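The values are calculated or read from the model by the stated rules, or taken from the named source; none is laboratory data. Owing to the predicted nature of the structure, the values given are computational and were not obtained by experimental measurement. Cβ placement follows ideal geometry from the backbone for every residue including glycine, while neighbour counts extend to all protein chains displayed.
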Amino acid sequence: MNFQPILDSIDAEIRPLLGRGGQVANYIPALARVPAERFGIALRTCDGQEARAGDAETPFSIQSISKLFTLTRAMRRMGDALWERIGREPSGNPFNSLVQLEAEQGKPRNPFINAGAIAVADRLLSLGDRKADLLAFMSELSGEPIAFDDEVAASEAATGYRNLALANFMKSFGKIDNDVAAVVDLYFHQCAIRMNCVQLAHAAGFLCRDGAHPLDGRPEVASARQARRINALMLTCGTYDAAGDVAFSIGLPCKSGVGGGIVAVVPDKLSLCVWSPALDHSGNSLLGLKALELFAGRTGLSIF
């Protein structure tokens, strides 16, 4: 299948809609200044075919998409022991809910809500992972040097009161081992990783290759079993409390972030990334979801 004309047609249909709905993540000051009138899309197939359109090479803050990669590192190093403190069920609640965490005795419902990702960051710190290790991992997967956006990281730290509350709450239940300040610092920095659609389509490629390295096929990123489990979690939990609607309308494993990016996977075929900063009420890119629905419709690609 020649994907370039499909991406071009999606870009042409989405572009007139830019700025006409949704809003950027204005509760994070550094993201509040991102222009809403941006749209990019890129993909890479398992056999190396690439396509891109729009603002696909414009970098943005990947935010919660980073949870996909920290989860991968933790699963690879801990295996099933990771799930002793983190659940695998959809939350059905906002991604930063304190109420659910209290009701469930400090055990996050899944690794893709904020509490779950903070718990994963704590596990990584206990394993000796640091911020530099995460950047090296992302650079290896994407094939290019990847860096933090220091302004976004500082903005996250200055306004991340709820995330601090989540971390302290879990600490009170004995579910966080390390110093809370160190845990949230790693979490804030992972959210502040700066990448573009092309780089993210590359980096997520191991999920459509049974865990093999996305660029050269080395079987070192995750096992085939782990890749399947991560895809399953993306489908059921990867788009906050809208995961059911996304599965219904798009039918692909997805992981979104409030920076406006969404990574999606077609197992055994391709990985792709869309970006448009204006968000819907659940925190997912409004036009990014529309673009993925158009992609699924025009290609016939779905896991169902």
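See the values below:
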| quantity | calculated |
| --- | --- |
| Flag for residue 227 being more than 19 Å from residue 50 (Cα to Cα), of a type outside the set (Phe, Trp, Tyr) and either at pLDDT 95 or above or touching a Lys or Arg at 6+ places or on another chain (Cβ under 6 Å) (or both) | yes |
| Residues satisfying the stated conditions in the stretch 232-262, i.e. of a type in the set (S, T, N, Q), touching a residue at least 60 places away in the same chain (Cβ under 8 Å) and touching a strand residue (DSSP E or B) at 6+ places or on another chain (Cβ under 8 Å) | 256 |
| Residues within the stretch 5-59 that are of a type in the set (S, T, N, Q) and either within 18 Å of residue 200 (Cβ to Cβ) or surrounded by 15 or more Cβ atoms within 10 Å (Cβ to Cβ) (or both), tallied | 3 |
| Residue 77 of a type outside the set (Ser, Thr, Tyr) and under 19 Å from the mean Cα position of the chain (by Cα) | no |
| Residues of the stretch 30-85 classified as free of Cβ contacts under 8 Å to residues at least 12 places away in the same chain, more than 17 Å from residue 141 (Cβ to Cβ) and not in a helix (DSSP H, G or I), total | 2 |
| Residue ranges of helices (runs of 4 or more DSSP H) in the stretch 99-187 with at least 3 members free of Cβ contacts under 8 Å to residues at least 60 places away in the same chain and surrounded by fewer than 24 Cβ atoms within 10 Å (Cβ to Cβ) | 99-103, 131-142, 150-159, 161-172 |
| Count of the stretch 252-282 residues which are part of a loop (DSSP other than H, G, I, E, B) and modelled with pLDDT of 95 or more | 13 |
